[in-house]
There are 2 protein chains.
Amino acid sequence: MTAGALYGGIEGGGTKFICAVGTGPDDIRAEILIPTTSPEETLKQTTRFFKLQETRFGEISSIGFACFGPVDPNPASPAYGQILPTPKPGWSNVNVVRMLCDSFDVPVIFDTDVNGAAMEEWRWGKGQGLQTFVYLTVGTGIGGGAYVEGKLLHGLIHPEMGHILVRHDWEKDSFKGICPFHGDCFEGLASGIAIETRWGMRGTSLAPDHAAWDLEAEYIAQAVANYTLTLSPQRIIIGGGVGSVSHLLPRVQKRTWELINGYIQSTVILENIETYIVHPGLGNRSGVLGAIALAEKAVQKRL
Amino acid sequence: MTAGALYGGIEGGGTKFICAVGTGPDDIRAEILIPTTSPEETLKQTTRFFKLQETRFGEISSIGFACFGPVDPNPASPAYGQILPTPKPGWSNVNVVRMLCDSFDVPVIFDTDVNGAAMEEWRWGKGQGLQTFVYLTVGTGIGGGAYVEGKLLHGLIHPEMGHILVRHDWEKDSFKGICPFHGDCFEGLASGIAIETRWGMRGTSLAPDHAAWDLEAEYIAQAVANYTLTLSPQRIIIGGGVGSVSHLLPRVQKRTWELINGYIQSTVILENIETYIVHPGLGNRSGVLGAIALAEKAVQKRL
């Protein structure tokens with residue numbers, strides 16, 4: 001934490017924006033929930049919230065914006081700060097960073113919601129001290145952020161780990177998947193919406209011994225095995241509404257271990273997989289705290 | 001290139017070591033091929049080669065060692081420079097860097113063969129100017145190296161991209177795969193050995209219209225799609241004996257484009273996939289030049 005600095009954080013979601021002012025998990029001074037309507041209206045309320053907090057707590061040093069995607073998070077790109085074509089009506093090609101910068105003369109750091117959550121876990125959660133790890137959220141949709149060799153991974157645009165291909169055994173699972181782009185990709189088979197569509201009820205209503213859970217563990221474990229083999233992370237953190245279900249994690253750990261089958265010669269995988277695949281340190285608070293972690297990182301870089 | 005500096009490179013393979021002294025693709029002053037026998041004998045010949053070249057060309061500034069795996073390439077690890085348990089008789093748990101350092105008082109930079117190839121392409125080939133890309137070799141085996149946000153990716157140990165799970169349609173391909181760990185993982189289904197075992201002849205002997213090639217393109221495209229979604233690379237470079245087959249590349253490009261199905265909103269994928277999935281700039285010279293690129297990078301870091 002930079003001495004005296006105060007940060008603004010925006011968790012921009014498809015149904016709500018959560019905004020907060022503070023310096024970390026033990027120091028959130030104000031927080032608000034704003035329904036996601038039009039970009040103009042939502043950003044106006046966001047701006048009003050931060051302006052009000054500045055009159056109470058003093059100047060905000062930087063604002064972190066962890067946003068639903070797809071987005072352009074590359075500061076060198078002309079479209080930096082823009083939401084790319086999205087099914088969310090009215091938000092396609094809107095530059096949300098530019099709208100904020102019209103009101104605030106501070107750095108606005110823009111990234112994906114999952115990269116924000118990864119940064120939060122690096123700062124205060126289960127990513128502390130690590131150089132390379134993955135944050136995966138399995139909720140309504142599925143997304144992943146990666147911190148790689150000490151930096152958030154963006155690359156060409158940003159990872160879209162929720163859409164990797166997984167093995168689909170049609171005899172065990174005749175559900176065709178719900179992804180409008182890929183049908184039965186990982187998100188298409190294992191997201192909260194996929195579970196609800198397949199079984200006719202929400203995941204939270206399904207008993208722990210329901211067949212849904214072994215299937216869910218299978219798909220998540222396949223994805224985790226592939227991320228492990230591709231990115232070589234030191235840990236994989238799994239959050240989100242579905243991902244946080246407590247009886248699911250041990251099944252994912254066991255099945256990932258089976259799939260890797262001793263090939264990665266690291267004790268953390270061979271002998272301690274329960275420390276390799278974990279829940280987030282800060283549970284479901286990762287969103288807006290991730291935005292604050294992005295804001296903090298941005299100010300530190302400029303110092 | 002650091003003025004006046006001369007580099008040593010070792011491409012350590014399971015059947016041969018190629019060693020060279022020089023500064024880059026246009027300035028290789030000496031090169032030798034040494035059969036891979038016992039570690040002691042092989043390293044002794046390697047050392048003798050470099051000592052001899054030093055009497056001809058002057059002192060070597062650093063040595064890059066791009067090695068068959070699995071290896072420990074983490075300089076902070078006590079096992080840095082070690083070959084991890086491997087089927088290659090006599091080489092398991094041998095610390096090849098320590099053996100070299102006994103003879104040379106210069107930095108020895110040790111990495112996987114594919115990370116070396118990635119560094120070579122970054123320095124002189126198709127990775128020039130990129131921040132994030134993947135180098136994939138499809139040959140006897142399959143391996144991948146990644147340069148991510150300006151650094152070679154190591155993470156927990158190093159990527160093992162050849163072993164990701166791919167979709168295996170048993171009706172189209174009844175071959176059960178040759179990977180001793182995973183059976184029908186990517187390498188198990190699509191490596192040079194897999195092709196030879198499945199069809200009873202080497203890939204190079206199969207006509208371009210043989211059914212092998214659409215199958216091969218399918219598996220490579222699945223892997224490339226998954227790397228793209230996970231790592232968000234700006235380019236994927238495909239080399240190796242099988243990967244370099246000229247009629248294969250357009251099929252891989254087409255099929256990857258179909259699998260991603262417009263989801264990644266980048267013109268390089270949507271409209272120019274032939275610039276996204278490419279052959280290496282330096283073809284099959286990437287091995288030993290990769291080692292020289294590693295050596296060069298190491299010296300520059302110390303300056």
*asked:* What is the angle, in °, between the Cα long axis of helix A:248-260 and the longest principal axis of the Cα atoms in chain A? Nearest 10 is fine, range 0 to 90.
replied: 60 degrees
*In what order do B:TYR80, B:TYR219 fall by count of nearby beta-carbon atoms within 10 Å, going from fewest to most?*
B:TYR80, B:TYR219
*Okay, helix-only estimate at 222 nm for the protein assembly as shown: each DSSP H run of n ≥ 4 adds -39500 (n - 2.57), divide by all residues, round to 500 deg cm²/dmol; what do you get?*
-11000 deg cm²/dmol
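Give me the net charge of A:LEU156's neighbourhood, meaning all other residues with Cβ under 12 Å from the Cβ of A:LEU156; Lys, Arg count +1, Asp, Glu -1.
So the environment of A:LEU156 carries a net charge of -2.
Which of the trypsin sites (Lys or Arg not before Pro) found in region A:234-283 are in a DSSP loop and have at most 10 neighbouring Cβ atoms, other than their own, within 10 Å?
Sites meeting the loop and neighbour criteria: none at all.
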_Please compute the average number of Cβ atoms from other chains found within 10 Å of each residue's Cβ in peptide A:218-230._
5
_Burial order of peptide ranges A:222-230, A:11-19, A:285-293 (average beta-carbon count within 10 Å, highest first)_ = A:285-293, A:222-230, A:11-19
*Measuring from a point 7 Å out along Cα→Cβ, what nm distances, shortest first, does A:ASP26 have to its partners in the other copies?*
6.0
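Using R₀ = 56 Å, calculate the FRET efficiency as 1/(1 + (r/R₀)^6) where r is the Cβ-Cβ separation of B:SER38 and A:GLU59; round to 0.05.
Between B:SER38 and A:GLU59 the formula returns 0.25.
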*Debye sum, Cα scatterers, the protein assembly as shown, no solvent: what log₁₀ I/I(0) at q = 0.06 1/Å?*
-0.33
*Taking Cα pairs under 8 Å and at least six residues apart, what relative contact order does region A:79-204 come out at, in percent?*
15 percent
*Hey, which of these cross-link pairs are over 21 Å Cα-Cα: B:LYS88/B:LYS176; A:LYS301/B:LYS151; B:LYS44/B:LYS88?*
B:LYS88/B:LYS176
_Between region B:105-120 and region B:248-302, the alpha-carbon center distance in angstrom_ = 18 Å
*Using only Cα atoms, find the angle between the long axis of helix B:286-302 and the longest principal axis of chain B, and express it within 0 to 90 degrees, rounded to the nearest 10.*
60 degrees
*Given a cut-off of under 8 Å on Cα pairs at least six residues apart, what relative contact order in percent is computed for chain B?*
22 percent
_Inter-chain Cβ neighbour average for residues B:258-266, partner chain, 10 Å_ = 5
*If you place +1 on the Cβ of every Lys and Arg and -1 on the Cβ of every Asp and Glu, how big does the dipole about the Cα centre of region B:1-81 come out, in debye to the nearest 20?*
180 debye
*asked:* Suppose you put the label 7 Å out from Cα in the Cβ direction; list, shortest first and in nm with one decimal, how far A:ASP209 is from each other copy's label.
replied: 6.0
*Sorted from largest down, what three extents in whole angstroms do the Cα atoms of region A:1-149 have along their principal axes?*
40, 37, 30
*Quick one: with label points 7 Å out along Cα→Cβ, list the inter-copy distances for A:GLU271 in nm, shortest first?*
5.5
_B:ASP102/A:LYS301 FRET efficiency (R0 41 Å; Cβ-Cβ; nearest 0.05)_ = 0.45
*So, counting K/R as plus one and D/E as minus one, what does the shell of residues with Cβ under 12 Å around A:GLU121 add up to?*
+3
_Fewest-first ranking of A:VAL71, B:VAL96, A:VAL114, using other Cβ atoms within 10 Å as the exposure measure_ = B:VAL96, A:VAL71, A:VAL114
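Starting with the fewest neighbours, write out B:MET161, A:MET201 ranked by other beta-carbon atoms found within 10 Å of each beta-carbon.
A:MET201, B:MET161
None of the figures in this text is laboratory data; all of them are computed from the coordinates on show. None of the values given here were measured: they were computed from a predicted structure. Quick reminder, even Gly has a Cβ in these numbers, built from the backbone with ideal geometry, and neighbours come from all protein chains shown.
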